[in-house]
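Trainee: Structure provided below as C-alpha cells; questions to follow.
The values are calculated or read from the model by the stated rules, or taken from the named source; none is laboratory data. All values reported here derive from a predicted model rather than from experimental measurement. Cβ sites come from the backbone with ideal geometry, for glycine too, and all protein chains shown count toward neighbours.
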Amino acid sequence: MKKHLVILTPGFPENEEDSTCIPALQIFVKKLVNTNTITVSVVTLYYPNKRTSYNWNGIKVTALALPTNKLQKPISLFKTWKQLKQIHKDNPIDTIHSFWLGECAFSGYYFSKQNKLNHVTTLMGQDANHKNIFSRLLPLKKIALITLSNFHQQTLLNNFNIPSKIIPWGVHAEITENKTSEKTIDIIGIGSLIPLKNYSLFLDIIKNLKLDYPDINAVIIGDGKEKKALLMQIKTLQLEKNIKLLGALSYTKTQEFLSKSKVLLHTSNYESFGMVFAEALALKTPIVSRPIGIANKSDFWQLGNTKEELLIGCKKMLLKNTFEATKLYNISDTVNAYLKLYHV
C-alpha cells in the first residue's frame, strides 16, 4: 500500500493551466507523483482565494482560502488543523511536508506531533530571516528542516544556530526542449517587480552598457508594484528603445525567452536558491548575479556586489561565444532525496 503524503503550502496553482504559481513546487509534485511510490494530497492555505477542492494532474487539492489578516490567524490555524484531521480520518497520513517556515510549518509540526506522524519542513526563501516570528513559536531543533543551497543553509545557521539538510530544487529534463541556438536577446531579467529584486540597479547597468552597445536589447519578465516606477526610470534614462517590460508570462514562454538570451542579469538582493539560476544553467544562458542562492563563480557565471562589478561581469559574458553549462540540477535528484525523508 502506498504511503500517504500531505503537502501543506500557502499557495498552489488553481488549475493545470496556472504555470506561474510556484513553478518549482509544481515541477516537484508532478515528478513525485510520477514515481508511483506515494499518494499525494495538497492543502493550500491562501491561494487560490476561493474555498474549493479540485483535481490537479491527478492530485486532490483542497484550497482553504484562509484570511490573511493577522488577527484571524488563530482561526486560520484551527481550520487548517480541522482539514488535516478530516484527511487523516479518510486516508491515514504518513508524512506531512510543510513549505515555508510559517503557518504551514506550525500546523504541520503540531498536528504531526499529536498524531505521531513524520514531518518535514522546507524553507523557501526569507523565512530563514531572523525576523520570522515562527522561529520563536516552533522547537526548530526537533524539526527536519530543509534548506535549498549552501547560502540558504548558512543564513539559517547564522540567524538561529540551527542545522539543516540541503536539497536543491531541480529542473525537469524537458526544459531543454525550449532551447534555441540563436541568442537574439542581449540581457534578460526574470522575477517579480518588487524592491527585493532591485531592478532599479538592473536599469542603471543597462544604461552604462548602452555606452558600449548603443543597440543593446534587454527584457524583463515579471510584474509587481514597482512597474510604474521602473517605467518612469526607463523614460528618464532614455532606454525606451533598449528595454521592454514584458509582464508576467507563462512558465514555458519565460523559458523560451531565457533560452534566447545571451546573459541573465539577476540583481536581486537575496535568493534562497534561485530557480531561474538552475533554469539558465540548463538552457546554457550565462549568468551575472550577486553571490546569493546557488551562485557559483565560474567562466559561465560572474558574481558582483556592486554596480561596477556586475557591469564588468555583463561585459565579459556578452563577449562569450560558447554557452556551456557547468552544473545542472535535476528534479529526479530532488525527488529521490525527499523520498528518503518520507521513508519511502
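Trainee: Could you tell me which residue of segment 25-64 is surrounded by the most Cβ atoms within 10 Å (Cβ to Cβ), considering only residues that are in a strand (DSSP E or B) and among the small types (Gly, Ala, Ser)? Spell out the reasoning first.
Mentor: In the first step, residues of segment 25-64 are kept if they are in a strand (DSSP E or B); the result is 38-47, 52-56, 59-63.
Now narrow it down to the ones that are among the small types (Gly, Ala, Ser): 41, 53, 63.
Details: 41: 19, 53: 9, 63: 21.
The qualifying residue surrounded by the most Cβ atoms within 10 Å (Cβ to Cβ) is 63.
Trainee: Okay, moving on. Looking at 318, 264, 310, 258, which one is touching a Pro at 6+ places or on another chain (Cβ under 8 Å) and within 20 Å of residue 203 (Cβ to Cβ)? So that I can check it myself, show each step before the final result.
Mentor: Details: 318 fails: touching a Pro at 6+ places or on another chain (Cβ under 8 Å); 310 fails: touching a Pro at 6+ places or on another chain (Cβ under 8 Å); 258 fails: touching a Pro at 6+ places or on another chain (Cβ under 8 Å).
That would be 264, the only listed residue that is touching a Pro at 6+ places or on another chain (Cβ under 8 Å) and within 20 Å of residue 203 (Cβ to Cβ).
Trainee: How many residues does segment 127-162 contain that are among the aromatic types (Phe, Trp, Tyr) and under 22 Å from residue 117 (Cβ atoms)? Lay out the reasoning, then the answer.
Mentor: Going residue by residue through segment 127-162, those that are among the aromatic types (Phe, Trp, Tyr) are 134, 151, 160.
Of the ones still in play, those that are also under 22 Å from residue 117 (Cβ atoms) are 134.
Residues in segment 127-162 being among the aromatic types (Phe, Trp, Tyr) and under 22 Å from residue 117 (Cβ atoms): 1 in total.
Trainee: Name the single residue, out of those in segment 193-239 being in contact with a strand residue (DSSP E or B) (Cβ under 9 Å, 6 or more places away or on another chain) and either β-branched (Val, Ile, Thr) or without any contact (Cβ under 8 Å) to a residue 24 or more places away in the chain (or both), that is farthest from residue 126 (Cα to Cα).
Mentor: Among them, the one singled out is 216.
Trainee: Sticking with this one: Output the number of the condition that residue 174 fails; it satisfies all remaining conditions of (1) surrounded by fewer than 20 Cβ atoms within 10 Å (Cβ to Cβ); (2) in contact (Cβ under 8 Å) with a residue 12 or more places away in the chain; (3) closer than 30 Å to residue 317 by Cβ.
Mentor: It is condition (2) that residue 174 fails.
Trainee: Kindly indicate whether any position in segment 40-49 is over 28 Å from residue 221 (Cβ atoms) and either more than 19 Å from the chain's Cα centre (by Cα) or without any contact (Cβ under 8 Å) to a residue 40 or more places away in the chain (or both). First the steps, then the outcome.
Mentor: Within segment 40-49, the first condition is being over 28 Å from residue 221 (Cβ atoms), and the residues that meet it are 40-41, 43.
Filter once more, keeping what is either more than 19 Å from the chain's Cα centre (by Cα) or without any contact (Cβ under 8 Å) to a residue 40 or more places away in the chain (or both): 40-41.
Yes: segment 40-49 contains one or more residues that are over 28 Å from residue 221 (Cβ atoms) and either more than 19 Å from the chain's Cα centre (by Cα) or without any contact (Cβ under 8 Å) to a residue 40 or more places away in the chain (or both).
Trainee: If you don't mind, another one. Of all residues in segment 57-72, how many are closer than 17 Å to residue 9 by Cα and of a type in the set (D, E, K, R)?
Mentor: 1
Residue by residue, here is whether (1) farther than 26 Å from residue 171 by Cβ; (2) at pLDDT 95 or above holds:
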| site | (1), (2) |
| --- | --- |
| 10 | no, yes |
| 20 | no, no |
| 48 | no, yes |
| 67 | yes, no |
| 93 | yes, yes |
| 100 | no, yes |
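Trainee: Another question, then. How about segment 89-115: which of its residues are closer than 19 Å to residue 39 by Cα and either assigned to a loop (DSSP other than H, G, I, E, B) or touching a residue at least 40 places away in the same chain (Cβ under 8 Å) (or both)?
Mentor: Residues satisfying the conditions are 91, 92, 93, 94, 95, 96, 97, 98, 99, 108.
Trainee: Same structure, new question: Would you point out which residue out of 105, 63 is touching a Leu at 6+ places or on another chain (Cβ under 8 Å), at pLDDT 95 or above and in the same structural domain as residue 145 (by TED's automatic domain parsing)?
Mentor: None of the other options fit; the residue is 105.
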